[in-house]
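What follows is a single structure, written as structure tokens, with notes after it.
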Amino acid sequence: MSLTVYNTRTRRLEPFVSQTPGLVKMYVCGVTVYDYCHLGHARSYVVWDVVRRYLEYLGYDVQHVQNITDIDDKILRRAQAEGVPMQVITERYIQACTEDLARLNILPAKDTPRATETIPEIIQLIQRLETLGYAYASGGDVYYAVERFPGYGTLSGRSLEQMQAGASGRVDDEIAHKRHPLDFALWKAAKPGEPAWDSPWGPGRPGWHIECSAMIYKTLGPSIDIHTGGSDLIFPHHENEIAQSEPVTQKPLARYWLHNGFVTVAGEKMSKSLGNFRTIRDVLTEYAPMALRLWILQSHYRQPIEATPPALQAAQSGWHTLQQAVWLGDWDAVPTVPKDDLDPQVRTEFETAMNADFNTPAAVAVLFGVAKQLKRLAHSGNGHRHTPEFQRLWRTLVYLGQTVLGLKFDPPPASTPPQVPDISEEIAALIAQRQEARRQKNYAEADRIRELLAAQGIRLVDKPGGVTEWYRE
RNA sequence: GGCGGCAUAGCCAAGUGGUAAGGCAGAGGUCUGCAAAACCUUCAUUCCCCAGUUCGAAUCUGGGUGCCGCCUCCA
């Protein structure tokens, strides 16, 4: 069976066939850099990272481009609020988001174009649209005329009439300049004090949607294989991208449109406006980055996932379980595990799952199955870890987990964890006292001391050889 | 109002006609004086409700109920 993906544009599963054999052009809608990334971003970019990794596993060269929106109303507002130049804001959050995504082991895109570095191409594209009659200048702005594009609404499955009815009552300050309420800005005239670029329509800046059309054309060409983003981008953002690009190129902007479901909180979409978001860096103070990644991959990417402490905790425990199995093998070999000689049955099960529209929950379940097998083998007798069977399963787990799903395994914990040095002499004395009591089999006294220390938040762990380790709870 | 999605064990979650994956938690056990850790075993006659199609339905059809999303910036 080969890879099948759900295409938003057709609303059905379709076999994936790239335009050029062996090559996939993939564009991921990136972040607008005006704040820290939250769990919604984490989900989206983890999911697309796995899509990329799996395509590479299948042997494709993936040209993965992810843009950075570094000019936008919200950025300007933030800069104004802080009284700093726009670049201070954008640089701060570009760096922060890059760090956050790297901690989640998300591979960097091969190209990360920025809107502010694509201005000439944006202007060129708007001019083309104007020449072709799809754009009109009005009041210093330039707008896209949605009525000129017959295909408008095909991606999101709605008609202009429907949307107009729904949008009635909504008024923005641009409405006076528009011919149709759903027309959208390609170019915005600069307001005093705002960053601006010269253009045939006067100083101004690009609208939000046009940058993606221009950047795709610039970096990947007129027609790409996969375009991805959150479901909230289907309309209007991606719809508008199509409208801006296709009249000019006369080609489908993207053959496959993939969209991920939302992260929810108490059943509602996590979003800035609702104030129910948690930033990635905040969550990572409580949970391991790979636990967060596992949590994301244990749901299908198109389903909503509810961000709750029990769910994240469960992922944390599950992550530990997987790592236990990896730690049974030779850690030094982890970075260099090759793709070949994987267990054929496991490989088939894994691929069957992933081929079904990237069914990562099923794929993860396959890996848990391998982990279980490894544990059985490891605990069933001597020499087991050196058998070819064990070695192959172990390599399979490491390769599929780490390289394809991007779950980066930690080194095994040191056999003797270092004790925290701030131990007070009193505690040390009590531990010594208890060890003496144990030696004399005076367990009542030993337990008394255990409980005494437990009351102070000190937990004791007895190891073989009469060694007692301790840590604060 | 228009369009779309979802409802599976205590929690999370796969599964689109052939008799319920996986994770977490729980229970029992092994090993340790106890505890912890680790490992083993176990855990849905049933898939929101009602009716229908079928030899057979969580999966298809019709009708309900509940929840969510998009239509405005948003991953």
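The values are calculated or read from the model by the stated rules, or taken from the named source; none is laboratory data. Every value quoted in this text rests on a predicted model; they were computed, and no experiment measured them. We place every Cβ from the backbone using ideal geometry, glycine too, and count neighbours over all the protein chains shown. Please note that ligands, DNA and RNA were not included when accessible areas were found on the heavy atoms of the full protein model with its side chains. Shrake-Rupley method; radii C 1.70, N 1.55, O 1.52, S 1.80 Å.
Measure nothing fancy, just the Cα-based angle from helix A:360-378's long axis to the longest principal axis of chain A, in degrees from 0 to 90, nearest 10.
Once rounded, one gets 20 degrees.
How would you rank A:384-394, A:32-42, highest first, on the average number of other Cβ atoms within 10 Å across their residues? Don't skip to the answer; put the middle values down first.
Values: A:384-394: 15.3, A:32-42: 22.2.
Averaged packing, sorted descending, gives the order A:32-42, A:384-394.
Just to confirm the number: angle between the C-alpha axis of helix A:119-131 and the first principal axis of chain A, 0 to 90 degrees, nearest 10?
40
If I take R0 = 41 Å and measure r between the Cβ atoms of A:Asp332 and A:Gln433 in this structure, what FRET efficiency does the formula 1/(1 + (r/R0)^6) give, to the nearest 0.05? Please list the in-between numbers first.
Working: r = 41 Å, r/R0 = 1.01.
It comes to 0.50.
Computed over the Cα atoms of segment A:354-410, what is the ratio Rg over Rh, Rh following Kirkwood?
On the way: Rg = 12.5 Å, Rh = 12.1 Å.
In segment A:354-410, Rg relative to Rh is 1.04.
Roughly how many percent of the accessible protein surface of segment A:425-472 is carbon and sulfur, given a 1.4 Å probe and a whole-percent answer?
Here it works out to 51 percent.
How big is the antiparallel share of DSSP beta bridges in chain A, given as a percent to the nearest 5?
Numbers: 25 of 46 bridges.
Just about 55 percent of them are antiparallel.
Students often check this: by mean Cβ neighbours within 10 Å, which of A:289-298, A:241-250, A:337-346, A:4-13 ranks highest, and how do the rest follow?
Working: A:289-298: 23.9, A:241-250: 21.3, A:337-346: 14.4, A:4-13: 15.9.
With the highest mean Cβ count within 10 Å placed first, the list reads A:289-298, A:241-250, A:4-13, A:337-346.
Report, to two decimal places, the Cα Rg of segment A:4-265 normalised by 2.2 N^0.38 Å (N = number of residues). Please report the intermediate quantities before stating the final value.
Values: Rg = 18.2 Å, N = 262, 2.2 N^0.38 = 18.3 Å.
Segment A:4-265 yields a ratio of 1.00.
As a test of understanding, state the convex hull volume per residue of segment A:425-472 from its alpha carbons, in Å³. List each step's numbers first, then the result.
Values: hull volume 3.0 nm³, N = 48.
Value for segment A:425-472: 62 Å³ per residue.
Using amide H atoms built in the peptide plane, which far-off residues or other-chain residues are under 5 Å from A:Thr264 H to H?
A:Met270, A:Ile305, A:Glu306, A:Ala307
Amide H of A:Trp470: which non-local residues (sequence gap of 5 or more, or other chain) have their own amide H closer than 5 Å, using H built in the peptide plane?
The list, which skips near neighbours in sequence, is A:Val461.
Considering amide H positions built from the backbone, and no H for Pro or chain starts, which residues 5 or more places from A:Asn67, or on another chain, come under 5 Å of its amide H?
Placed amide hydrogens put A:Val28, A:Gly30 under 5 Å from A:Asn67.
Rounded to the nearest 500, what is chain A's calculated 222 nm mean residue ellipticity when only DSSP H runs of at least 4 contribute -39500 (n - 2.57) each, over all residues? Display every interim value, and only then the final one.
On the way: 15 runs with 193 residues, N = 473.
Value at 222 nm, helices only: -13000 deg cm²/dmol.
Apply the Karplus curve 6.51 cos²θ - 1.76 cosθ + 1.60, θ = phi - 60°, to the phi angles in segment A:193-209 and return the couplings in whole Hz, x for Gly and Pro.
Per-residue couplings from phi come out as x, 8, x, 8, 10, 5, 7, x, 9, x, x, x, 8, x, x, 6, 6 Hz.
Which whole number of Å³ per residue matches the convex hull of the alpha-carbon atoms in chain A?
179
Would you work out which of A:Pro464, A:Ile427, A:Leu453 lies farthest towards the positive end of the dipole of segment A:425-472, given +1 charges on the beta-carbon of Lys and Arg and -1 on that of Asp and Glu, about the Cα centre?
In segment A:425-472, that residue is A:Pro464.
Counting DSSP beta bridges in segment A:4-265, what percent are antiparallel, to the nearest 5? It would help to have the intermediate numbers written out before the result.
On the way: 16 of 34 bridges.
If I count the DSSP bridges inside segment A:4-265, around 45 percent turn out antiparallel.
Place a +1 charge on the Cβ of each Lys and Arg in chain A and a -1 charge on the Cβ of each Asp and Glu, then give the dipole magnitude about the Cα centre in debye, rounded to the nearest 20. It would help to have the intermediate numbers written out before the result.
Details: 50 positive and 55 negative charges, 187 e Å.
That gives chain A a dipole magnitude of about 900 debye.
Rounded to the nearest 20 Debye, what is the dipole magnitude of segment A:425-472 about its Cα centre when Lys and Arg each give +1 and Asp and Glu each give -1 at the C-beta? Kindly include the intermediate steps, with their values, before the conclusion.
On the way: 9 positive and 8 negative charges, 36 e Å.
That gives a dipole near 180 debye.
Taking the Cα atoms only, what angle lies between the long axis of helix A:388-398 and the longest principal axis of chain A, rounded to 10 degrees?
Orientation of helix A:388-398: about 40 degrees from the principal axis.
Note the full-extension length gain between A:Thr387 and A:Val88 as 0.36 nm times their separation in residues minus their Cα-Cα distance, in nm to one decimal.
Values: separation 299, 0.36 × 299 = 107.64 nm, distance 5.69 nm.
Here the segment from A:Thr387 to A:Val88 would lengthen by 101.9 nm.
In Å², what does the accessible area per residue of segment A:286-404 work out to with a 1.4 Å probe? Don't skip to the answer; put the middle values down first.
On the way: 5270 Å² over 119 residues.
Counting only protein heavy atoms, the per-residue value for segment A:286-404 is 44 Å².
Rounded to whole Hz and in sequence order, give me ³J(HN,Hα) for segment A:447-458 from the Karplus expression 6.51 cos²θ - 1.76 cosθ + 1.60, θ = phi - 60°, writing x for Gly and Pro.
Those phi angles translate into 5, 4, 5, 4, 5, 4, 6, 4, 4, 9, x, 9 Hz.
Explain nothing, just compute: Karplus ³J(HN,Hα) = 6.51 cos²θ - 1.76 cosθ + 1.60, θ = phi - 60°, for every residue of segment A:45-56 in order, whole Hz, x for Gly and Pro.
6, 5, 4, 6, 5, 5, 4, 4, 4, 5, 4, 5
Can you give me the P(r) profile for segment A:145-246? Cα pairs, bins 5 angstrom wide beginning at 0, each as a whole percent.
2, 11, 19, 22, 20, 13, 10, 2, 0
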